1. Find the lysine pairs in the chain meeting two conditions, Cα atoms under 20 Å apart and a separation of 8 or more places or different chains, and report how many there are.
2. With a 1.4 Å probe and every protein chain left in place, work out the accessible area per residue of the chain in Å², rounded to a whole number.
3. Inverting the mean 1/r over all pairs of different Cα atoms, compute the Kirkwood radius of segment 18-259 and quote it in Å.
4. So if each residue of separation counts as 0.36 nm, and I subtract the Cα-Cα distance between Y41 and A2, what length gain in nm does that give?
5. Can you show me the helix-derived [θ] at 222 nm for the chain, built from DSSP H runs with n ≥ 4 at -39,500 (n - 2.57) apiece and divided by the number of residues, rounded to the nearest 500.
6. Give a residue-ordered list of calculated ³J(HN,Hα) values for segment 130-139 (Karplus: 6.51 cos²θ - 1.76 cosθ + 1.60, θ = phi - 60°; whole Hz; x for Gly, Pro).
7. With a 1.4 Å probe and all protein chains left in place, how much of the accessible area of the chain comes from carbon and sulfur atoms, in whole percent?
8. Between A298, A319, A73, where does the largest GNM mean-square fluctuation fall for the chain, given springs only between Cα atoms within less than 10 Å?
Amino acid sequence: MATLPIYLDNHATTPCDPVVFEAMRPYFLEHFGNAASTHSYGEAASAAVEESRAIIAGLLRIDPEEIIFTSGATESNNLAILGTARRLSSDSHFITTAIEHTSVLEPFRKLEKEGRHVTILPVRQRGDALAGCLDVERFRSALRPNTRFVSIMAANNEIGSIQPIEEIAQICRERGIWLHVDAAQALGKIPFDLRKWDVDLVSLSAHKVYGPKGIGALVVRRRNPPIRIEPLVYGGGHERGLRSGTLNVPGIVGFAKAVQLAYERMNEENERLCYLRNLMFELLQEALGPSIQLNGPALHLLEHRLAGNLNVQFTGIEAQTLLLHIPEVALSAGSACDAFDPQPSHVLLALGLSEAEARCSLRVGIGRFNTEDEIRRATELICRAVRELSSFYRQ
Ligand SMILES: Cc1ncc(COP(=O)(O)O)c(C=O)c1O
(Lines give C-alpha, C1' and ligand atoms only; values in the text may rest on other atoms or scores of the structure.)
Protein backbone atom coordinates (compact mmCIF):
# COMPACT_ATOMS: atom_id res chain seq x y z
CA MET A 1 0.00 0.00 0.00
CA ALA A 2 1.29 3.46 -0.89
CA THR A 3 2.25 5.50 2.16
CA LEU A 4 0.05 8.49 2.76
CA PRO A 5 1.60 11.97 2.87
CA ILE A 6 2.39 13.40 6.29
CA TYR A 7 -0.67 15.45 7.19
CA LEU A 8 0.25 18.96 8.36
CA ASP A 9 -2.89 20.84 7.40
CA ASN A 10 -4.83 20.63 10.64
CA HIS A 11 -6.30 24.14 10.27
CA ALA A 12 -8.13 23.02 7.11
CA THR A 13 -9.56 20.02 8.91
CA THR A 14 -8.52 17.40 11.42
CA PRO A 15 -8.87 13.63 11.16
CA CYS A 16 -11.82 12.28 13.10
CA ASP A 17 -10.54 10.84 16.40
CA PRO A 18 -11.29 7.06 16.50
CA VAL A 19 -12.96 7.57 19.91
CA VAL A 20 -15.29 10.11 18.30
CA PHE A 21 -15.97 7.79 15.39
CA GLU A 22 -16.92 4.93 17.74
CA ALA A 23 -19.27 7.20 19.69
CA MET A 24 -21.05 8.11 16.43
CA ARG A 25 -21.31 4.62 14.96
CA PRO A 26 -24.53 3.44 16.75
CA TYR A 27 -26.33 6.58 15.57
CA PHE A 28 -25.81 5.55 11.95
CA LEU A 29 -26.67 1.88 12.40
CA GLU A 30 -29.05 1.26 15.34
CA HIS A 31 -30.34 4.57 16.65
CA PHE A 32 -30.88 6.11 13.24
CA GLY A 33 -34.21 7.75 14.06
CA ASN A 34 -35.20 11.31 13.25
CA ALA A 35 -34.87 13.26 16.49
CA ALA A 36 -38.24 14.88 15.77
CA SER A 37 -40.12 11.55 15.53
CA THR A 38 -42.26 10.49 18.47
CA HIS A 39 -41.61 6.70 18.40
CA SER A 40 -38.78 5.00 20.29
CA TYR A 41 -36.27 5.49 17.45
CA GLY A 42 -36.97 9.20 17.51
CA GLU A 43 -36.82 9.32 21.29
CA ALA A 44 -33.41 7.61 21.35
CA ALA A 45 -32.09 10.08 18.77
CA SER A 46 -33.57 13.05 20.57
CA ALA A 47 -32.14 11.88 23.91
CA ALA A 48 -28.68 11.63 22.31
CA VAL A 49 -29.01 15.15 20.88
CA GLU A 50 -30.02 16.61 24.24
CA GLU A 51 -27.29 14.75 26.07
CA SER A 52 -24.74 16.06 23.56
CA ARG A 53 -26.10 19.58 23.84
CA ALA A 54 -25.75 19.36 27.64
CA ILE A 55 -22.14 18.11 27.36
CA ILE A 56 -21.08 20.98 25.08
CA ALA A 57 -22.98 23.53 27.18
CA GLY A 58 -21.36 22.21 30.37
CA LEU A 59 -17.87 22.59 28.92
CA LEU A 60 -18.56 26.10 27.58
CA ARG A 61 -20.43 26.99 30.80
CA ILE A 62 -23.63 28.06 29.14
CA ASP A 63 -27.24 27.00 29.18
CA PRO A 64 -27.95 24.04 26.77
CA GLU A 65 -30.78 26.06 25.21
CA GLU A 66 -28.23 28.60 24.02
CA ILE A 67 -26.79 26.09 21.51
CA ILE A 68 -28.24 26.07 17.98
CA PHE A 69 -26.83 23.19 15.92
CA THR A 70 -25.84 24.13 12.36
CA SER A 71 -23.80 22.56 9.57
CA GLY A 72 -20.59 24.25 10.72
CA ALA A 73 -18.94 27.59 11.31
CA THR A 74 -19.64 28.94 7.80
CA GLU A 75 -23.36 28.65 8.39
CA SER A 76 -23.07 29.89 11.98
CA ASN A 77 -21.14 32.98 10.86
CA ASN A 78 -23.72 33.77 8.18
CA LEU A 79 -26.59 33.24 10.62
CA ALA A 80 -24.96 35.41 13.26
CA ILE A 81 -24.18 38.31 10.90
CA LEU A 82 -27.06 38.32 8.43
CA GLY A 83 -29.59 37.06 10.98
CA THR A 84 -28.73 39.94 13.31
CA ALA A 85 -28.51 42.55 10.56
CA ARG A 86 -32.09 41.79 9.55
CA ARG A 87 -33.17 42.84 13.03
CA LEU A 88 -31.10 46.03 13.23
CA SER A 89 -32.06 49.42 11.89
CA SER A 90 -30.60 50.37 8.50
CA ASP A 91 -28.34 53.08 9.96
CA SER A 92 -26.52 50.57 12.25
CA HIS A 93 -22.73 50.41 12.03
CA PHE A 94 -20.95 47.02 11.81
CA ILE A 95 -17.28 46.28 12.60
CA THR A 96 -15.02 43.35 11.78
CA THR A 97 -11.31 42.81 11.04
CA ALA A 98 -9.38 42.34 7.80
CA ILE A 99 -8.16 38.85 8.76
CA GLU A 100 -11.53 37.17 9.30
CA HIS A 101 -12.52 33.99 7.52
CA THR A 102 -14.33 34.51 4.21
CA SER A 103 -17.55 33.29 5.82
CA VAL A 104 -17.45 36.49 7.90
CA LEU A 105 -15.99 38.86 5.30
CA GLU A 106 -18.45 37.90 2.56
CA PRO A 107 -21.59 38.55 4.67
CA PHE A 108 -20.00 41.88 5.67
CA ARG A 109 -19.44 42.72 1.99
CA LYS A 110 -23.07 41.85 1.32
CA LEU A 111 -24.16 44.25 4.08
CA GLU A 112 -21.95 46.96 2.63
CA LYS A 113 -23.50 46.45 -0.83
CA GLU A 114 -26.91 46.81 0.76
CA GLY A 115 -25.83 50.23 1.98
CA ARG A 116 -24.99 49.39 5.61
CA HIS A 117 -22.15 51.18 7.40
CA VAL A 118 -19.25 48.75 7.68
CA THR A 119 -15.72 49.14 9.07
CA ILE A 120 -13.05 46.52 8.41
CA LEU A 121 -10.31 47.10 10.95
CA PRO A 122 -6.61 46.49 10.31
CA VAL A 123 -4.56 44.33 12.67
CA ARG A 124 -1.04 44.81 14.06
CA GLN A 125 1.51 44.72 11.25
CA ARG A 126 4.55 42.56 10.48
CA GLY A 127 7.52 43.42 12.64
CA ASP A 128 5.27 43.72 15.70
CA ALA A 129 5.59 40.75 18.10
CA LEU A 130 1.79 40.72 18.11
CA ALA A 131 1.41 40.84 14.31
CA GLY A 132 -2.10 39.72 13.40
CA CYS A 133 -3.62 40.70 16.75
CA LEU A 134 -6.14 43.49 17.08
CA ASP A 135 -5.04 46.66 18.87
CA VAL A 136 -7.75 47.29 21.45
CA GLU A 137 -7.26 51.07 21.36
CA ARG A 138 -7.63 51.03 17.59
CA PHE A 139 -10.84 49.07 18.04
CA ARG A 140 -12.12 51.54 20.62
CA SER A 141 -11.45 54.47 18.33
CA ALA A 142 -13.42 52.84 15.48
CA LEU A 143 -16.61 52.75 17.55
CA ARG A 144 -19.36 55.17 16.60
CA PRO A 145 -22.55 56.12 18.42
CA ASN A 146 -24.48 53.91 15.98
CA THR A 147 -22.16 50.85 16.21
CA ARG A 148 -24.45 47.93 16.96
CA PHE A 149 -22.61 44.77 15.90
CA VAL A 150 -19.00 43.55 16.04
CA SER A 151 -17.61 40.27 14.69
CA ILE A 152 -14.08 39.22 15.71
CA MET A 153 -12.50 35.80 15.35
CA ALA A 154 -11.01 34.20 18.45
CA ALA A 155 -8.07 32.61 16.60
CA ASN A 156 -6.93 32.97 13.02
CA ASN A 157 -6.78 29.96 10.70
CA GLU A 158 -3.63 31.03 8.84
CA ILE A 159 -1.32 32.75 11.31
CA GLY A 160 -2.82 31.45 14.57
CA SER A 161 -3.15 34.90 16.15
CA ILE A 162 -5.41 34.92 19.22
CA GLN A 163 -7.52 38.04 19.74
CA PRO A 164 -8.13 39.86 23.05
CA ILE A 165 -11.80 38.81 23.18
CA GLU A 166 -12.29 39.46 26.90
CA GLU A 167 -11.25 43.11 26.57
CA ILE A 168 -13.26 43.65 23.39
CA ALA A 169 -16.30 42.03 25.00
CA GLN A 170 -16.09 44.36 27.96
CA ILE A 171 -16.03 47.42 25.71
CA CYS A 172 -18.98 46.10 23.67
CA ARG A 173 -20.99 45.32 26.79
CA GLU A 174 -20.47 48.82 28.24
CA ARG A 175 -21.93 50.28 25.04
CA GLY A 176 -24.68 47.76 24.39
CA ILE A 177 -23.01 46.49 21.18
CA TRP A 178 -23.63 42.87 20.15
CA LEU A 179 -20.43 40.85 19.84
CA HIS A 180 -20.09 37.77 17.63
CA VAL A 181 -16.98 35.58 17.93
CA ASP A 182 -15.93 33.07 15.27
CA ALA A 183 -14.32 30.43 17.50
CA ALA A 184 -13.92 27.74 14.80
CA GLN A 185 -10.15 27.53 15.32
CA ALA A 186 -10.24 28.26 19.05
CA LEU A 187 -12.63 25.61 20.30
CA GLY A 188 -10.75 23.00 22.31
CA LYS A 189 -7.44 24.81 21.72
CA ILE A 190 -7.67 27.83 23.99
CA PRO A 191 -9.41 27.58 27.34
CA PHE A 192 -12.46 29.72 26.83
CA ASP A 193 -15.27 29.89 29.29
CA LEU A 194 -18.37 31.77 28.16
CA ARG A 195 -19.03 32.96 31.70
CA LYS A 196 -15.84 34.99 31.33
CA TRP A 197 -16.16 35.96 27.68
CA ASP A 198 -19.06 38.34 27.85
CA VAL A 199 -20.12 37.75 24.24
CA ASP A 200 -23.49 37.37 22.51
CA LEU A 201 -22.89 34.93 19.65
CA VAL A 202 -20.21 32.27 19.10
CA SER A 203 -19.61 30.13 16.00
CA LEU A 204 -18.25 26.61 16.47
CA SER A 205 -17.25 23.76 14.17
CA ALA A 206 -16.60 20.08 15.00
CA HIS A 207 -14.16 19.15 12.24
CA LYS A 208 -11.44 21.48 13.51
CA VAL A 209 -11.29 19.52 16.80
CA TYR A 210 -11.12 15.92 15.58
CA GLY A 211 -14.87 15.67 15.15
CA PRO A 212 -16.94 15.03 12.01
CA LYS A 213 -17.43 17.46 9.13
CA GLY A 214 -20.78 19.11 8.48
CA ILE A 215 -21.73 19.86 12.07
CA GLY A 216 -21.23 22.92 14.24
CA ALA A 217 -23.20 25.35 16.31
CA LEU A 218 -24.06 28.95 16.87
CA VAL A 219 -24.20 29.85 20.54
CA VAL A 220 -26.88 32.49 21.03
CA ARG A 221 -26.57 33.80 24.57
CA ARG A 222 -29.78 34.52 26.43
CA ARG A 223 -29.06 37.89 27.82
CA ASN A 224 -30.75 40.91 29.13
CA PRO A 225 -31.81 42.44 26.77
CA PRO A 226 -32.02 39.23 24.68
CA ILE A 227 -30.28 39.15 21.34
CA ARG A 228 -32.73 38.74 18.49
CA ILE A 229 -31.81 37.08 15.23
CA GLU A 230 -33.79 36.08 12.17
CA PRO A 231 -33.31 32.56 10.76
CA LEU A 232 -31.77 32.12 7.33
CA VAL A 233 -33.34 28.67 6.82
CA TYR A 234 -37.09 28.19 7.19
CA GLY A 235 -38.97 24.91 7.61
CA GLY A 236 -40.05 22.75 10.54
CA GLY A 237 -38.87 25.21 13.17
CA HIS A 238 -36.10 23.07 14.66
CA GLU A 239 -33.53 24.59 17.00
CA ARG A 240 -35.86 27.21 18.50
CA GLY A 241 -36.95 28.22 15.02
CA LEU A 242 -33.46 29.47 14.18
CA ARG A 243 -32.31 26.56 12.05
CA SER A 244 -34.87 24.29 10.48
CA GLY A 245 -33.81 20.92 9.12
CA THR A 246 -33.53 17.34 10.37
CA LEU A 247 -30.84 17.19 13.01
CA ASN A 248 -27.56 15.46 12.15
CA VAL A 249 -27.70 13.08 15.12
CA PRO A 250 -24.43 11.14 14.59
CA GLY A 251 -22.70 14.44 13.86
CA ILE A 252 -24.02 16.02 17.04
CA VAL A 253 -22.97 13.00 19.13
CA GLY A 254 -19.50 13.13 17.54
CA PHE A 255 -19.27 16.88 18.05
CA ALA A 256 -19.92 16.52 21.79
CA LYS A 257 -17.42 13.68 22.14
CA ALA A 258 -14.80 15.67 20.21
CA VAL A 259 -15.24 18.74 22.41
CA GLN A 260 -15.11 16.58 25.53
CA LEU A 261 -11.82 14.96 24.45
CA ALA A 262 -10.35 18.32 23.46
CA TYR A 263 -11.16 19.87 26.85
CA GLU A 264 -9.73 16.86 28.72
CA ARG A 265 -6.48 16.97 26.75
CA MET A 266 -6.09 20.68 26.08
CA ASN A 267 -3.10 21.49 28.31
CA GLU A 268 -1.11 18.38 27.55
CA GLU A 269 -1.89 18.63 23.84
CA ASN A 270 -0.96 22.31 23.61
CA GLU A 271 2.36 21.63 25.30
CA ARG A 272 3.17 18.86 22.82
CA LEU A 273 2.05 20.86 19.77
CA CYS A 274 4.03 23.87 20.90
CA TYR A 275 7.14 21.71 21.27
CA LEU A 276 6.70 20.23 17.77
CA ARG A 277 5.93 23.61 16.20
CA ASN A 278 8.99 25.26 17.79
CA LEU A 279 11.14 22.30 16.82
CA MET A 280 10.06 22.64 13.19
CA PHE A 281 10.81 26.36 13.11
CA GLU A 282 14.21 25.89 14.74
CA LEU A 283 15.12 23.16 12.24
CA LEU A 284 14.02 25.37 9.34
CA GLN A 285 16.07 28.26 10.70
CA GLU A 286 19.14 26.08 11.21
CA ALA A 287 18.93 24.75 7.67
CA LEU A 288 17.79 27.83 5.76
CA GLY A 289 18.94 30.76 7.91
CA PRO A 290 17.74 34.26 7.10
CA SER A 291 15.97 33.14 3.91
CA ILE A 292 12.92 32.28 6.02
CA GLN A 293 10.70 34.58 8.01
CA LEU A 294 7.92 33.94 10.46
CA ASN A 295 4.50 35.40 9.66
CA GLY A 296 2.20 36.27 12.57
CA PRO A 297 2.77 36.63 16.33
CA ALA A 298 6.10 35.66 17.94
CA LEU A 299 6.22 31.96 18.82
CA HIS A 300 7.05 32.51 22.48
CA LEU A 301 3.86 34.52 23.03
CA LEU A 302 1.86 31.44 23.96
CA GLU A 303 -1.31 33.35 24.80
CA HIS A 304 -1.32 35.11 21.44
CA ARG A 305 -0.69 32.27 18.98
CA LEU A 306 -2.25 28.82 18.58
CA ALA A 307 0.18 26.11 19.69
CA GLY A 308 0.07 24.03 16.48
CA ASN A 309 0.33 26.95 14.05
CA LEU A 310 3.31 28.00 11.98
CA ASN A 311 3.34 30.28 8.94
CA VAL A 312 6.64 30.78 7.18
CA GLN A 313 7.81 32.89 4.27
CA PHE A 314 10.51 31.36 2.04
CA THR A 315 12.16 34.29 0.28
CA GLY A 316 11.80 34.08 -3.49
CA ILE A 317 10.12 30.66 -3.57
CA GLU A 318 6.44 30.47 -4.41
CA ALA A 319 4.59 28.23 -1.98
CA GLN A 320 2.58 26.57 -4.77
CA THR A 321 5.83 25.58 -6.53
CA LEU A 322 7.32 24.37 -3.26
CA LEU A 323 4.24 22.24 -2.58
CA LEU A 324 4.63 20.52 -5.97
CA HIS A 325 8.12 19.45 -4.89
CA ILE A 326 6.99 17.91 -1.60
CA PRO A 327 4.11 15.56 -2.42
CA GLU A 328 5.11 13.52 0.65
CA VAL A 329 3.71 16.27 2.88
CA ALA A 330 0.12 17.56 2.88
CA LEU A 331 0.40 21.30 3.51
CA SER A 332 -1.25 24.37 2.16
CA ALA A 333 -0.39 27.88 1.12
CA GLY A 334 -3.39 29.38 2.92
CA SER A 335 -7.01 28.82 3.84
CA ALA A 336 -8.58 25.74 2.25
CA CYS A 337 -11.71 27.82 1.71
CA ASP A 338 -9.73 30.10 -0.60
CA ALA A 339 -7.94 27.25 -2.35
CA PHE A 340 -9.68 27.92 -5.68
CA ASP A 341 -8.84 31.59 -5.42
CA PRO A 342 -5.56 32.47 -7.16
CA GLN A 343 -5.29 35.67 -5.09
CA PRO A 344 -2.63 35.79 -2.36
CA SER A 345 -3.86 35.33 1.21
CA HIS A 346 -5.87 38.33 2.43
CA VAL A 347 -4.62 37.56 5.94
CA LEU A 348 -0.96 37.92 4.96
CA LEU A 349 -1.66 41.06 2.92
CA ALA A 350 -3.38 42.49 6.01
CA LEU A 351 -0.12 41.98 7.95
CA GLY A 352 1.62 44.23 5.42
CA LEU A 353 3.27 41.56 3.28
CA SER A 354 3.55 42.32 -0.44
CA GLU A 355 1.66 40.07 -2.86
CA ALA A 356 4.93 38.36 -3.81
CA GLU A 357 5.83 37.74 -0.15
CA ALA A 358 2.36 36.38 0.58
CA ARG A 359 2.68 33.97 -2.35
CA CYS A 360 5.96 32.69 -0.89
CA SER A 361 4.37 31.71 2.42
CA LEU A 362 3.35 28.31 3.69
CA ARG A 363 0.91 27.47 6.47
CA VAL A 364 1.62 24.54 8.77
CA GLY A 365 -1.03 23.12 11.09
CA ILE A 366 0.34 20.49 13.47
CA GLY A 367 -2.25 18.28 15.15
CA ARG A 368 -3.03 15.55 17.67
CA PHE A 369 -1.82 12.66 15.53
CA ASN A 370 1.49 14.11 14.31
CA THR A 371 4.65 12.58 15.73
CA GLU A 372 8.10 14.09 16.22
CA ASP A 373 9.45 11.76 13.51
CA GLU A 374 6.89 13.16 11.07
CA ILE A 375 7.85 16.73 11.92
CA ARG A 376 11.56 16.01 11.44
CA ARG A 377 10.95 14.17 8.17
CA ALA A 378 8.59 16.84 6.79
CA THR A 379 11.06 19.59 7.71
CA GLU A 380 13.89 17.72 5.98
CA LEU A 381 11.77 17.37 2.82
CA ILE A 382 10.84 21.06 2.84
CA CYS A 383 14.47 22.13 3.33
CA ARG A 384 15.66 19.87 0.53
CA ALA A 385 13.03 21.25 -1.86
CA VAL A 386 13.84 24.86 -0.88
CA ARG A 387 17.57 24.29 -1.54
CA GLU A 388 16.88 22.66 -4.91
CA LEU A 389 14.54 25.43 -5.99
CA SER A 390 16.93 28.15 -4.79
CA SER A 391 19.81 26.71 -6.77
CA PHE A 392 17.55 26.32 -9.82
CA TYR A 393 16.49 30.00 -9.59
CA ARG A 394 20.14 31.10 -9.14
CA GLN A 395 21.26 29.37 -12.39
C1 LIG B 1 -11.77 30.72 11.41
C2 LIG B 1 -12.72 29.88 10.62
N3 LIG B 1 -14.02 30.24 10.55
C4 LIG B 1 -14.91 29.51 9.87
C5 LIG B 1 -14.55 28.38 9.19
C6 LIG B 1 -15.58 27.60 8.44
O7 LIG B 1 -15.87 26.42 9.16
P8 LIG B 1 -16.70 25.22 8.52
O9 LIG B 1 -15.75 24.44 7.70
O10 LIG B 1 -17.21 24.46 9.73
O11 LIG B 1 -17.81 25.80 7.74
C12 LIG B 1 -13.21 27.98 9.22
C13 LIG B 1 -12.77 26.79 8.44
O14 LIG B 1 -11.83 26.84 7.69
C15 LIG B 1 -12.28 28.74 9.95
O16 LIG B 1 -11.00 28.39 10.01
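The values are calculated or read from the model by the stated rules, or taken from the named source; none is laboratory data. Nothing here was measured: the structure is a model prediction, and the numbers come from that model. Note that each Cβ is placed from the backbone with ideal geometry, even for glycine, and that neighbours are counted across all protein chains shown. What goes into the accessible areas is simple: the full protein's heavy atoms, side chains included, and nothing from ligands, DNA or RNA. Shrake-Rupley method; radii C 1.70, N 1.55, O 1.52, S 1.80 Å.
1. The result is 5.
2. Per-residue value: 43 Å².
3. About 18.4 Å, per the Kirkwood formula over Cα pairs.
4. 9.9 nm
5. It comes out at -12500 deg cm²/dmol, rounded to the nearest 500.
6. With the stated coefficients, segment 130-139 comes to 9, 3, x, 9, 7, 7, 4, 5, 4, 5 Hz.
7. Using a 1.4 Å probe with all protein chains present, the chain comes out at 52 percent carbon and sulfur.
8. Among A298, A319, A73, the largest GNM mean-square fluctuation belongs to A298.
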